[in-house]
Structure formats: structure tokens, C-alpha cells
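**Q** This is the structure I have questions about; it appears just below.
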Amino acid sequence: MHIVTVYSTPNCPYCVRLKAHLSQQGIAFTNLDVSVDKVSLDKMIEISGQMGVPVIDIDGQIVVGFEKEKIDNLLAS
């Protein structure tokens, strides 16, 4: 079982696509809305080095953006 955290905002279309993709794959994840959660925003910037969303943490591996192939590969391992 993977530990997946998604840093997102509600109005980000890539965030919506990412969360739908994870849900369709049956992947449980924690969603952190960085538009209202300053602590999560600070953590996202610390781990990714940038402010763009989505940022996905899969078992400690950070992916910036909805890079479907990279995300799927990490989830397959």
C-alpha cells in the first residue's frame, strides 16, 4: 500500500484530473488544499521547491504536475 499525499487547490484543472485518476485506480490519498492551509502550502514548497500545483508525494517521491506516466510507474512499484 502506498502513502500518497496530493497538494492541490480546488480551481486547478490538473489537480481535479489527478485526483480523479487516483480515485479511478482505487488509490487512497490524502488531499491537502494549499489555498486555505498555510502549513500544507509551506510543506509543499519545502518538498518541491515551487508553488505550482499539483504536487504529489508518493512514498516520499515527489512529482510536480500531473505527470501520469511517472505517477503510474511509482504506483506500480
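**Q** Tell me which of these Gln61 doesn't satisfy, since it passes every other one: (1) touching a strand residue (DSSP E or B) at 6+ places or on another chain (Cβ under 8 Å); (2) under 17 Å from Met1 (Cα atoms); (3) not β-branched (Val, Ile, Thr).
**A** (1) is the only condition that Gln61 fails.
**Q** Also, I was wondering about something else. Could you give me the residue pairs with C-beta distances under 8 Å whose first residue belongs to region 61-77 and is without any contact (Cβ under 8 Å) to a residue 12 or more places away in the chain, whose second residue is among the hydrophobic types (A, V, I, L, M, F, W, C) and assigned to a helix (DSSP H, G or I) wherever it lies, and which are 6+ apart or on separate chains?
**A** Val63/Ile71; Val63/Leu74
All of the numbers you see were taken from the coordinates with simple rules; none came from a lab. No experiment lies behind these values; they were computed from the predicted model shown. Note that we place each Cβ from the backbone using ideal geometry, even for glycine, and neighbour counts take in every protein chain shown.
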